[in-house]
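Participant: Have a look at this one before I ask anything.
What follows is calculated from the coordinates using simple rules that are stated; it is not laboratory data. Note that this is a predicted model, so its numbers are computed, not measured. As a convention, Cβ positions derive from the backbone with ideal geometry for all residues, glycine included, and neighbour counts pool all protein chains shown.
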Amino acid sequence: MTPRKSHDPVPADLEALPPGLAAAWGVVDTGGRRGPKPAHSVEKIIAVATELADEEGIAAASLPKVAARIGVTTNALYRYVSSKEELIVLLADRAWGDPPALPDGDWREAAALWSRRLFERFISRPWLLDVPTTVSLTPHNAAWLNALITVLGSTGMAAQQTLNCAYLLDSHARYGANLRRNTPTPAALRRANPDQQRAVRAVRVFLDGQLRSRDLNAVADAMEDPMFLSDEPPLDGFEFGLARILDGIEAYVRR
């Protein structure tokens with residue numbers, strides 16, 4: 001028997017894996033497939049699903065809608081993907097894309113760049129925020145994680161602490177992008193309804209009075225900041241939070 005090399009994959013019980021995981025990693029059993037040669041490909045299916053998700057959100061990337069756009073029956077898609085769950089796994093992995101190239105020598109600079117690029121990825125494809133958190137580690141998001149924990153490895157933290165820090169940075173990018181997605185700007189409100197500006201002013205005046213009457217002056221003062229009237233949401237909140245997370249990691253490393 002030939003000994004297994006340390007980097008060879010350990011044989012897995014493929015039937016016990018979540019839908020799409022083996023397919024995402026390119027481990028699929030097609031030996032028993034019968035019938036005519038497929039007219040399409042998994043890559044084509046995922047590309048079309050990506051178009052639909054980009055246009056209408058992840059709910060639009062359904063098997064019936066993908067089939068309709070390609071011009072086949074929904075049943076025909078099962079020659080390529082086994083279920084809606086598998087489609088979402090493959091779709092999300094494609095959307096992640098390759099991680100950014102990170103600089104050497106300064107873990108903080110590298111981690112900040114990683115976080116900004118992740119934030120930008122969520123901004124460009126906000127439906128990634130709606131992918132179920134139960135989706136397992138797939139090649140592209142594993143590559144993102146690998147890039148980050150590699151640079152954090154220079155801090156000397158143990159594996160668990162490194163992963164905890166990665167979770168903090170990932171969560172911050174997700175929260176910032178989700179906040180951006182769900183917070184309409186004054187410009188967007190005006191485009192939706194010309195009278196909305198009057199409503200916005202009315203809400204601000206009303207809340208100011210109510211907050212101050214209940215001695216909630218800190219909130220009232222914060223709402224007077226010009227950022228609440230800007231046409232485009234500032235990045236200051238994301239950058240401020242990112243800097244504080246990195247400060248915390250740095251303080252922990254120096255203990």
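Participant: Rounded, prolate or oblate, given the Cα gyration tensor of segment 136-180, with a/c below 1.5 counting as rounded?
Facilitator: Since a/c reaches 1.5 but b/c is at least a/b, the shape of segment 136-180 is classed as oblate.
Participant: Quote to one decimal, in nm, the extra length available between Val72 and Glu51 on full extension: 0.36 nm per residue of separation minus the C-alpha distance between them.
Facilitator: The Val72-Glu51 span can extend by a further 5.9 nm.
Participant: How would you order 153-162, 209-218 from highest to lowest mean count of nearby Cβ atoms within 10 Å?
Facilitator: Put in order of decreasing packing, that is 153-162, 209-218.
Participant: In segment 58-181, if the dipole is taken from +1 on Lys/Arg beta carbons and -1 on Asp/Glu beta carbons about the Cα centre, which of Ile88, Thr73, Phe119 is farthest to the positive end?
Facilitator: The one lying farthest along the dipole's positive direction is Thr73.
Participant: Quickly rank 97-108, 140-151, 122-133 as a protection proxy: mean count of other C-beta atoms within 10 Å, highest first.
Facilitator: Peptide ranking by packing, descending: 140-151, 122-133, 97-108.
Participant: Which value, in debye to the nearest 20, gives the size of the charge dipole of segment 68-127 about its Cα centre, when Lys and Arg are +1 and Asp and Glu are -1 at the Cβ?
Facilitator: 360
Participant: Using the Karplus curve 6.51 cos²θ - 1.76 cosθ + 1.60 with θ = phi - 60°, work out ³J(HN,Hα) for each residue of segment 155-164 in order, rounded to whole Hz, and write x for Gly and Pro.
Facilitator: So the Karplus estimates, Gly and Pro as x, are 6, x, 5, 5, 4, 5, 5, 4, 5, 4 Hz.
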